[in-house]
1. With touching a residue at least 40 places away in the same chain (Cβ under 8 Å) and either within 13 Å of the chain's Cα centre (by Cα) or over 18 Å from TRP19 (Cα atoms) (or both) as the only criterion, which of GLY100, GLY76 stands out?
2. Quick check: anything in region 108-117 at pLDDT 95 or above, over 13 Å from the mean Cα position of the chain (by Cα) and under 21 Å from GLY22 (Cα atoms)?
3. Report, by residue number, each residue of region 27-43 that is in contact with a helix residue (DSSP H, G or I) (Cβ under 9 Å, 6 or more places away or on another chain) and surrounded by 16 or more Cβ atoms within 10 Å (Cβ to Cβ).
4. Condition first: aromatic (Phe, Trp, Tyr) and either touching a residue at least 40 places away in the same chain (Cβ under 8 Å) or farther than 14 Å from LEU116 by Cα (or both). Can you find one or more residues in region 23-30 that meet it?
5. Determine which member of the set ALA17, ALA2, ALA7 is surrounded by fewer than 16 Cβ atoms within 10 Å (Cβ to Cβ), farther than 19 Å from GLY100 by Cβ, modelled with pLDDT of 95 or more and of a type in the set (A, V, I, L, M).
6. Report yes if some residue within region 114-126 is surrounded by 18 or more Cβ atoms within 10 Å (Cβ to Cβ), in contact (Cβ under 8 Å) with a residue 40 or more places away in the chain and not hydroxyl-bearing (Ser, Thr, Tyr); otherwise report no.
7. Sort out which residues of region 50-73 are farther than 21 Å from THR92 by Cβ, more than 12 Å from the chain's Cα centre (by Cα) and surrounded by 13 or more Cβ atoms within 10 Å (Cβ to Cβ), and write them in order of number.
8. Pull out all pairs, ordered by first then second residue, where Cβ-Cβ is under 6 Å, the residues are six or more apart or on different chains, the first lies in region 38-51 and is assigned to a loop (DSSP other than H, G, I, E, B), and the second is surrounded by 15 or more Cβ atoms within 10 Å (Cβ to Cβ) and at pLDDT 95 or above.
Amino acid sequence: MALDPQAVRTAAAAYTAAWNSGSPTDVASFYAPDGRIVINRGEPWVGREGVAAMAAGFYADVPDLRLVCDALRIAGDHVVYLWTFTGTHAATANPLRVVGWEEWNIGPDLLVRSSLGWFDAEDYARQAAGG
């Protein structure tokens, strides 16, 4: 099934706005009820409740998180959402600038069924520590 590229761009812009709202439930609303996300080969967060918990963890670490969608790549029902987030690490007050991406499998309703998220965790830790 091929997705309408304009509809995907609109959904991605709304997803970005959801992250910038600071609301974990707004972020989770872009996932199917049984959707899931895995970040850096970690344990999956499953369902909207799990996705909301993942987002809440990011907000706890970076309360002023600001996300930008750098680009999208669309192939059939597969989308790569390239992003950059900036903010201040809550525990150390050090500035962060982190780049990464999510690989989405999307249903015809434009809800994410599964996502693989990637970022350089070592670089994140270095920045958080002030290095």
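The values are calculated or read from the model by the stated rules, or taken from the named source; none is laboratory data. Here the structure is a predicted model, which means the values were calculated and not measured. Glycine also receives a Cβ, built like all others from the backbone with ideal geometry; neighbour counts cover every protein chain displayed.
1. Details: GLY100 fails: touching a residue at least 40 places away in the same chain (Cβ under 8 Å).
Residue meeting the stated conditions: GLY76.
2. Within region 108-117, one or more residues are at pLDDT 95 or above, over 13 Å from the mean Cα position of the chain (by Cα) and under 21 Å from GLY22 (Cα atoms).
3. Looking only at region 27-43, we keep the residues that are in contact with a helix residue (DSSP H, G or I) (Cβ under 9 Å, 6 or more places away or on another chain), and these are 27-37, 39-40.
Correct list: VAL27, ALA28, PHE30, TYR31, ALA32, GLY35, ARG36, ILE37, ILE39.
4. Our first condition is that a residue be aromatic (Phe, Trp, Tyr); within region 23-30, this holds for 30.
Still in the list and also either touching a residue at least 40 places away in the same chain (Cβ under 8 Å) or farther than 14 Å from LEU116 by Cα (or both): 30.
Looking for residues that are aromatic (Phe, Trp, Tyr) and either touching a residue at least 40 places away in the same chain (Cβ under 8 Å) or farther than 14 Å from LEU116 by Cα (or both), one finds at least one in region 23-30, hence yes.
5. Working: ALA17 fails: farther than 19 Å from GLY100 by Cβ; ALA2 fails: modelled with pLDDT of 95 or more.
After ruling out the rest, the residue left standing is ALA7.
6. Yes, that holds for at least one residue.
7. GLY50, ALA53, LEU72 - these are the residues of region 50-73 that are farther than 21 Å from THR92 by Cβ, more than 12 Å from the chain's Cα centre (by Cα) and surrounded by 13 or more Cβ atoms within 10 Å (Cβ to Cβ).
8. Close Cβ pairs satisfying both conditions: PRO44/ARG36; PRO44/VAL38.
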